[in-house]
Amino acid sequence: MALSKRRRAQVVRGVQYGVLVVAAVALALAVDWQQVRHAFLDADAAGRLFPGIILTGLKNTLVYAALGFAVGLGLGLVLALMRMSSVGPYRWLATAYIEFFRGVPALLVFIAFGFGVPLAFQIRFDTYSTVALSLGLVGAAYMAETIRAGIQAVPKGQVEAARSLGMPAGMAMFTIVIPQAFRIILPPLTNELILLTKDSSLVYLLGVARDEYELTKIGREALNVSPNLTPILVAGLCYLIITIPLSQLSRYLERRTGGRRISSPESTGLEVKA
Amino acid sequence: MSVLVEISGLRKAFGPLQVLRGIDLTVSRGEVVCVIGPSGSGKSTLLRCVNLLEEPTGGRVVVDGVELTDPDVDIDAARRRIGMVFQQFNLFSHLSVLDNLTIAQRKVLRRGRAEAERVARENLARVGLAEKIDAMPGQLSGGQQQRVAIARSLSMAPELMLFDEPTSALDPELVGDVLGVMRQLADEGMTMMVVTHEMQFAREVADRVLFMDGGVVVEEGPADEVIGEPRHERTRTFLSRVLDPTHHGPGDPTS
């Protein structure tokens, strides 16, 4: 049986599809759909979550993530610049920070800022500040490395051109290099925002007021009075409402900036005559 | 003619590698000096030392009476008056052509928006690209990008223009436009230092040609002498390789 190469590829692909279908059918048969419906698809339990889960949960998740991202981005930029500084102590400090906050679980940082720091310094943060700080400090460690990679990906000629026009080093960095760096790192930054969105669920540790609940907390609270697990499913879907558009956006930006990151040495062979 | 650029005893080393081994050179106002030489001869490094993109290891560089090698010099102020054009154009790829031409005028020279824009339009017209004012760099051909880069430097009203192999990254049919702009600039009296492999351009436009090899100036003089009747063997070898490349075997011992 001498199959042609093309024929053999078709057969292999056919077998793969077959295995997938069999696995899906086996799974479907193995599941007790009655139980699943009782556990997760209780329309009444789901209905009782609204509108609170949207107006409070979804809103707060978005606010926490946005605050954490803003703090993280600002601090991350400072750390990235410190990492590339010619001043030794700045570099060491930034490296130590990044290693520490990238290495410890966000949960521990939340506990530290929720309870430890207020005790140690005798100050009280409100929930929003605690979350902004905790998420921001953790996010900054990751974003610093991303931003540094972006800055280093901008061709060196851009700085040389800026400096030869009389721009001081700082001005060249902020008006020429960083705007281009951010175009390059938009996709990984979006990714970071998605991670922070999910990490905002750690707010449950802080013991927050009802109107400060975010999605996970609302889901867990509802679980206490719900006969089944439906609230968890609804909360999960709400996360997807946030994160899927974000990844779509990231993909869109990637496509768009991918075509515009031009005039680097590699692409000058590509002549577009207008 | 008054002296604009004065270089004396210029040395530059990258680690153990001596790239410039003592260069003395003066350029008068309005003069066009072309620097030729094999790759690795230090000609680009020489040019980059004139606006201190490379920090010299030793020697003095004085431009328009300002000693750039003085550690206390305001290098940003000095660079405002020295335009530079790069092999890879280095247009700011996130900015439109107009913004490429106005950003330094506005942020460095503190010109108002209207004035900066007027100067930008003027200089774009000078390089024949007035209609590309709203284009992004990536939409332009290499030759157009390089002319925009020249216009960007000119917008700062420089005393001196440095060209670092401005046509080496261009497709052959686009070289002429850029050289044309440079020739026009020379005719208008701009002081220019040009590192180039375009012998025809050097011969027709340069007031003086420098041949560099091994980090020193081997020969200098009027273009017709250096390119037409070179006195040194090294210059002759280099020129015959550049002007008649197919008549040299790959194993040529003089390379």
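What to note about this one:
- In the range B:182-213, the residues that are closer than 21 Å to B:Leu129 by Cα and either outside any helix (DSSP H, G or I) or among the small types (Gly, Ala, Ser) (or both): B:Ala186, B:Glu188, B:Met190
- The range A:145-184 - residue that is open to solvent by less than 10 Å² (accessible area, probe 1.4 Å) and more than 7 Å from chain B (Cβ to nearest Cβ) and, of those, nearest to B:Ala157 (Cα to Cα): A:Ala162
- Remark: pairs (first residue in the range B:96-107, at pLDDT 95 or above; second residue of a type outside the set (A, V, I, L, M, F, W, C) and open to solvent by less than 30 Å² (accessible area, probe 1.4 Å); Cβ separation under 6 Å; 6+ apart in sequence or on different chains) = B:Val97/B:Lys132; B:Asn100/B:Arg152; B:Leu101/B:Arg152; B:Leu101/B:Ser155; B:Gln105/B:Ser155.
Rundown of residues vs (1) open to solvent by 50 Å² or more (accessible area, probe 1.4 Å); (2) in contact (Cβ under 8 Å) with a residue 24 or more places away in the chain, yes/no style:
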residue	(1), (2)
A:Arg8	yes, no
A:Gln16	yes, no
A:Asp42	no, yes
A:Ile53	no, yes
A:Val71	yes, yes
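- Flag for B:Leu47 being assigned to a helix (DSSP H, G or I), at pLDDT 95 or above and more than 13 Å from chain A (Cβ to nearest Cβ): no
- Scanning the range A:213-260 for residues that are farther than 16 Å from A:Thr56 by Cα, assigned to a loop (DSSP other than H, G, I, E, B) and not aliphatic (A, V, I, L, M) yields a count of 5.
- The residue pairs whose first member lies in the range B:36-50 and is in the same structural domain as B:Asp164 (by the TED database), whose second member is open to solvent by 10 Å² or more (accessible area, probe 1.4 Å) and acidic (Asp, Glu), and whose beta carbons are closer than 6 Å, counting only pairs six or more residues apart or on different chains, are B:Gly37/B:Asp213; B:Ser41/B:Asp213; B:Ser44/B:Asp164; B:Thr45/B:Glu54; B:Leu47/B:Asp164; B:Arg48/B:Glu54.
- Only residues that are within 19 Å of B:Gln87 (Cβ to Cβ) and of a type in the set (S, T, N, Q) were counted across the range B:20-48, and they come to 4.
- Residue that is within 16 Å of the chain's Cα centre (by Cα) and closer than 25 Å to B:Lys12 by Cα, where the choices are B:Met182, B:Met212, B:Met190: B:Met212
- Of residues in the range B:129-141 being within 11 Å of chain A (Cβ to nearest Cβ) and open to solvent by 60 Å² or more (accessible area, probe 1.4 Å), the one farthest from A:Pro168 (Cα to Cα): B:Glu131
- Residues in the range A:80-100 that are more than 26 Å from the chain's Cα centre (by Cα) and crowded, with 16+ Cβ neighbours inside 10 Å: A:Tyr90 only.
- Of the numbered criteria (1) outside the structural domain of B:Val194 (by the TED database); (2) more than 24 Å from B:Ala186 (Cβ to Cβ); (3) among the polar types (S, T, N, Q), the one B:Thr69 fails is (1).
- Residues of the range B:20-43 that are surrounded by fewer than 20 Cβ atoms within 10 Å (Cβ to Cβ) and out of contact with any Phe, Trp or Tyr (no Cβ under 9 Å at 6 or more places or on another chain): B:Arg21, B:Gly22, B:Asp24, B:Leu25, B:Thr26, B:Ser28, B:Arg29, B:Gly30, B:Ser39, B:Gly40.
- Matching residues, the range B:70-102, being facing another protein chain (nearest Cβ under 7 Å) and part of a loop (DSSP other than H, G, I, E, B): B:Arg80, B:Phe86, B:Gln88, B:Phe89, B:Asn90, B:Leu91, B:Phe92, B:Ser93, B:His94
- Verdict on B:Arg110 being open to solvent by 50 Å² or more (accessible area, probe 1.4 Å) and either more than 8 Å from every other protein chain (Cβ to nearest Cβ) or over 18 Å from the mean Cα position of the chain (by Cα) (or both): yes
- Flag if A:Ser129 is surrounded by 22 or more Cβ atoms within 10 Å (Cβ to Cβ) and over 30 Å from B:Asn90 (Cβ atoms): no
- Any hit, the range B:117-128, residues being crowded, with 18+ Cβ neighbours inside 10 Å and closer than 20 Å to A:Lys156 by Cα: no
- Just one residue in the set A:Leu77, A:Leu67 is open to solvent by less than 50 Å² (accessible area, probe 1.4 Å), hydrophobic (A, V, I, L, M, F, W, C) and either touching a residue at least 60 places away in the same chain (Cβ under 8 Å) or assigned to a helix (DSSP H, G or I) (or both); that residue is A:Leu77.
- The number of residues in the range B:142-181 that are at the interface with another protein chain (Cβ under 10 Å from one of its Cβ atoms), in a helix (DSSP H, G or I) and in contact (Cβ under 8 Å) with a residue 60 or more places away in the chain comes to 4.
- B:Glu204 meets the conditions (1) within 17 Å of B:Val35 (Cα to Cα); (2) in contact with a strand residue (DSSP E or B) (Cβ under 8 Å, 6 or more places away or on another chain) in every case but one. The failed one is (2).
- Any hit, the range B:226-244, residues being in a strand (DSSP E or B) and open to solvent by 10 Å² or more (accessible area, probe 1.4 Å): no
- Positions within the range B:38-92 being among the charged types (D, E, K, R) and closer than 22 Å to A:Met173 by Cβ, in sequence order: B:Arg48, B:Glu54, B:Glu55, B:Asp74, B:Asp76, B:Arg79, B:Arg80
The values are calculated or read from the model by the stated rules, or taken from the named source; none is laboratory data. Since we're looking at a predicted model, the values are computed, not measured. Quick reminder, even Gly has a Cβ in these numbers, built from the backbone with ideal geometry, and neighbours come from all protein chains shown. Just the protein is used for accessible areas: all its heavy atoms, side chains included, with ligands, DNA and RNA removed. Shrake-Rupley method; radii C 1.70, N 1.55, O 1.52, S 1.80 Å.
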